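Here the structure comes first, spelled out in structure tokens, and everything after it is commentary.
Every read-out reported here was derived from the displayed coordinates using simple, explicitly stated rules and does not represent laboratory data. Quick caveat, the model's predicted, so the values are computed rather than measured. Positions of Cβ are generated from backbone atoms using ideal geometry, with glycine treated the same way; all protein chains shown enter the neighbour counts.
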Amino acid sequence: MIKIYTDGSCLGNPGAGGWAAVIVDEKNHREEIFGGEEHTTNNRMELTAAIRALEKISATSSVELFTDSSYLKNAFTNGWLVRWKSNGWKTATKSPVLNKDLWQNLDELISTRDVKFNWVKGHAGNFFNERCDELARTTAEKFQRGILKNPPPQEKILPQGQLSLFDF
């Protein structure tokens, strides 16, 4: 069983943001990944942390994901995501689901992995949660101070030879 700890941080909401994940494999090897954006929200960073971590895990893996985000955990454990999809990506109040792009990405990743979601209290001494918080917050601070910047849009040649602009 692979364990993933995730966290997101935003300085202002919206504002400069950071995300981080610590991935611990069956042999207790640890990998830390992190990133951020100049202008984002805390919820987007929470979801991005889970997405980036799950992208690093093979599609048939069993994963225990630990998050201090009730928003992330409850979407899966309380059936929110299933209801949003069946309602055409609308909430119970018929509003469009926020962060739909990230939820769709996460839903696709979850569909091929056995993932158990766990909530951990933030800032309560869980070593890996604290480490994720430190990495996410530090990254957000670097974006806020202008030390890190989103890369400019780049031209990318698609397999069919067409040009497209994208922001990665």
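Structural remarks
- Residue order, fewest to most beta carbons within 10 Å, for Trp19, Trp80, Trp119, Trp103: Trp119, Trp80, Trp103, Trp19
- Cα gyration tensor, the range 96-142 - rounded (a/c under 1.5), prolate or oblate: oblate
- Student exercise, the range 1-106 dipole from Lys, Arg, Asp, Glu Cβ charges, in Debye to nearest 20: 560
- Net length gained if the chain between Ser58 and Lys116 were fully extended (0.36 nm per residue, minus Cα distance): 19.3 nm
- GNM flexibility winner over the chain from Val22, Val82, Val115 (Cα, springs under 10 Å): Val82
- The chain: most fluctuating residue of Thr40, Thr139, Thr48 per GNM, C-alpha cutoff 10 Å: Thr40
- Taking θ as phi - 60° and the Karplus parameters 6.51, -1.76 and 1.60, the scalar couplings of the range 106-119 work out to 5, 4, 5, 5, 5, 5, 10, 10, 8, 10, 10, 8, 10, 9 Hz in sequence order, x denoting glycine and proline.
- DSSP finds beta bridges in the chain, and of those with both partners inside it, around 70 percent are antiparallel.
- Gyration tensor verdict on the chain (Cα atoms; rounded if a/c is under 1.5, prolate if a/b is larger than b/c, oblate otherwise): rounded
- Given Lys56/Lys121; Lys90/Lys142; Lys100/Lys121, the pairs whose alpha carbons are separated by over 29 Å: Lys90/Lys142
- In the range 1-143, taking the dipole from charged Cβ atoms about the Cα centre, the farthest positive-side position among His39, Asn78, Trp119 is held by Asn78.
- Amide H contacts under 5 Å for Gly12, placed H, 5+ residues apart: none
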